[in-house]
Structure formats: C-alpha cells, structure tokens
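The values are calculated or read from the model by the stated rules, or taken from the named source; none is laboratory data. The shown structure was predicted, so the numbers you read here are calculated from the model rather than taken from an experiment. All Cβ positions, even for glycine, are placed from backbone atoms using ideal geometry, and neighbour counts span all protein chains on display. Each accessible area value is taken on the protein alone, full model and side chains, heavy atoms only, with ligands, DNA and RNA left out. Shrake-Rupley method; radii C 1.70, N 1.55, O 1.52, S 1.80 Å.
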Amino acid sequence: MNAAVTVDRSSLTGRDYIETLDWTVEELEEVLAVAGELKEARRQGRPHRLLPDKTLYMLFLDKSTRTRNAFETGMTQLGGHGIFLDADRTQVAHGESPGDTARTLSRYGEGIAIRHDLAPYEGNAWMREIARYADIPVINLQCDVDHPTQTIADLMTLREHRGKDLRGLKVAMTWAYAPSYARPLSVPQGVATLFPRFGMDVVLAHPPGFDLMPEVLERAQGAAKASGSTITFAESMEEAFEGADVVYPKSWGRLDAFTDESKALAESGAYANWICDEEKLALASPDVLYLHCLPADRGREVTDAVMDGPHSVVWDEAENRMHTGKALMALTMGGYAA
C-alpha cells in the first residue's frame, strides 16, 4: 500500500463498484477519505449537495433495512433522489433481460444500485450484465460473491477505533448459528478479499460443509499474499478467537443447499454452540472489537451481553454504511467530476 499515491476524484466518475477487488487500494482510500469528509459535514450540519437533481435506482431482489435506508437517506443528503425498486414489482419479475433493464434506467437516471444475493453464482453475474449495458455506474448493494458496501463501512469503523494503520491486526471471521434463514456468503468473502489488502490477517472458521466459494478464496489469498498479509483457517470459533483483535461472527448458508433452505437450516442446528458469548470473547485480546453487519440473531449468533457490551461497534458500523455509501455515490455519479 503506497500512501504517497493519490487519486483524482474525477477519475472515478462513471466507475462501477461491484467488488472491492475491482478497485485499487488507493481508490478505496479515496472512498474512505470522502466518507470521512461527508460524515464530518453532516456532524457540523453543513450542506453537501454534491448530486443535485440526480437519481439513483435501487433495485432489490432481497430484503433490506440498513442498505436501503443508508443509500436512500444518503442520496437525499447529497441533494438527489433514491428510488426504491422492488424487483418483484418490476418487469424483471417477468423475465426482462438485464440489458433491457439497464438501457432503460440509463435513459432516466445517473446510477443503478442492486441487491441480488440469495442465488449462488447468479447475483454477481447478473449485476455485471447490467453494468455491461448500462451507461451509468452500477453499485453492488450485496451479491452472492461480495458485499462491498458493507465491508468498506467495516473498514472505516475499524480505522475510527484503531487508527489508520491496521497492519498486523488479527481478524476472526467465523460462522455463527442462526435459524432464521440461510444467509449469503458474501460478507465473509468480502472480508477475506478486502481486509488483508489493508494489512490485516484474517482467520476463517466454520463447521464442515459451510465452505466459502473456492474461486473467491483463491483470489482472496492471492490479494493477501500481494499485500504481505495472511488468510488462515481454524476449526472452531474458540480457536479463531484466540488472541484476535477483531471478531466478526455471523451466519451463512451452505453453498450446496441454498435451493433447499429447510434442509440447510436443519443441518446448521447441529452447530448451535457456535454462538459469540462472553466466554468465547474472553479468549480474544482485552480490547477486542466485535463487528456484525446486522441483522444479528440475538441469543443464537450472539448474546445480548456481547452485542450491547463495551466491545461492540455494530452501531458505528451501521451508521458508516450511510457515510461510505454517500462517498461511493458522490464519486461514481459525478459529484467530483472535472
């Protein structure tokens, strides 16, 4: 990571943001810098209408609380308008092609943001097909491969609490039990592909059968090696937590069982002891930070004592979803165009 390299913000106008690996470390640094500026502007009550009269179409093929509201509210603060599109109520549900959808929305607005995360080996490819035909930038609000708007907010949060230099921090990214629904693999994969590029060492842990996409792990390991960081593996939450500076325990589904959610959830029940509680947290560093993208299954993935305790920074994470989202919209949709 070369801190001396700077990025011309106008050069990011029109760029798609589909995976963090698509952007250089220097470009991601610029996102974080803009997010910090916009967060401070909001704190001081200073208007920052960088996208007046511009429109972002937010197309959701899955449910959302934080992502939708962070981007819709953020777009308002930037002076533009975010339009929520429930895919089931658009012609996407009737089979309209990605190309035709992209061409149409490109004639109306200045950006497209998409969530398509519950179908392994579909969402990312579908977004890239939209991007292929769109004349406006596409932002990934979570797909099957990556959750790049979440992990950039996670990174911002870690820097706020641990400083800009995160090199050498141990991050325990572990599976946790949650019986509510089979969750995408994109957050652990996103952590693995982003955090090591900023100097952190990631330890992955999950029960048998809950493996991540092998091709994503291969790319993550390549990026970690190039950055001088590591990705290693543990067989239990306890092993991963040992001496960790950051813990990120969350549920995800079986890659081979997404089409049979009831079966997948039944099988996950065998690992109900994979819960982040005070006993396991005590294995980590004394000043460990607890992260979660939310929603968390309280009493299943994590105890109230941990989630509401002194090590938890989940509400900072949730807030930073808006600030980093605003930075991405401003940079890609022309807020800093020359």
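Of the residues GLY79, GLY109, which is of a type in the set (Gly, Ala, Ser), in contact (Cβ under 8 Å) with a residue 40 or more places away in the chain and open to solvent by less than 50 Å² (accessible area, probe 1.4 Å)?
GLY109
Is at least one residue of segment 189-197 out of contact with any Leu (no Cβ under 8 Å at 6 or more places or on another chain), under 16 Å from CYS293 (Cβ atoms) and surrounded by 20 or more Cβ atoms within 10 Å (Cβ to Cβ)?
Looking for residues that are out of contact with any Leu (no Cβ under 8 Å at 6 or more places or on another chain), under 16 Å from CYS293 (Cβ atoms) and surrounded by 20 or more Cβ atoms within 10 Å (Cβ to Cβ), one finds at least one in segment 189-197, hence yes.
Any residue at all in segment 27-45 that is open to solvent by less than 40 Å² (accessible area, probe 1.4 Å) and touching a Gly at 6+ places or on another chain (Cβ under 8 Å)?
No, every residue in segment 27-45 fails to be open to solvent by less than 40 Å² (accessible area, probe 1.4 Å) and touching a Gly at 6+ places or on another chain (Cβ under 8 Å).
Kindly indicate whether ASP316 is without any contact (Cβ under 8 Å) to a residue 24 or more places away in the chain and of a type outside the set (A, V, I, L, M).
no
Does any residue of segment 147-156 turn out to be out of contact with any Leu (no Cβ under 6 Å at 6 or more places or on another chain), open to solvent by less than 50 Å² (accessible area, probe 1.4 Å), part of a loop (DSSP other than H, G, I, E, B) and at pLDDT 95 or above?
For segment 147-156, residues out of contact with any Leu (no Cβ under 6 Å at 6 or more places or on another chain), open to solvent by less than 50 Å² (accessible area, probe 1.4 Å), part of a loop (DSSP other than H, G, I, E, B) and at pLDDT 95 or above: present.
Among the residues of segment 269-298 satisfying the criterion of being assigned to a loop (DSSP other than H, G, I, E, B) and without any contact (Cβ under 8 Å) to a residue 24 or more places away in the chain, which is surrounded by the fewest Cβ atoms within 10 Å (Cβ to Cβ)?
Among those residues, the one meeting the criterion is PRO286.
Here is a list of conditions, (1) more than 22 Å from PRO120 (Cα to Cα); (2) within 20 Å of the chain's Cα centre (by Cα); (3) open to solvent by less than 40 Å² (accessible area, probe 1.4 Å), and ALA244 meets all of them except one; can you say which number that is?
(2)
Listed here are the residues, each with its yes/no results for (1) among the hydrophobic types (A, V, I, L, M, F, W, C); (2) under 18 Å from the mean Cα position of the chain (by Cα).
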{"site": "ARG132", "(1), (2)": "no, no"}
{"site": "LYS164", "(1), (2)": "no, no"}
{"site": "MET173", "(1), (2)": "yes, yes"}
{"site": "ALA178", "(1), (2)": "yes, no"}
{"site": "THR193", "(1), (2)": "no, yes"}
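Mind telling me which of the residues THR67, THR6, THR13, THR104 ends up being over 29 Å from TRP315 (Cα atoms) and either of a type in the set (A, V, I, L, M) or surrounded by 17 or more Cβ atoms within 10 Å (Cβ to Cβ) (or both)?
The match here is THR13.
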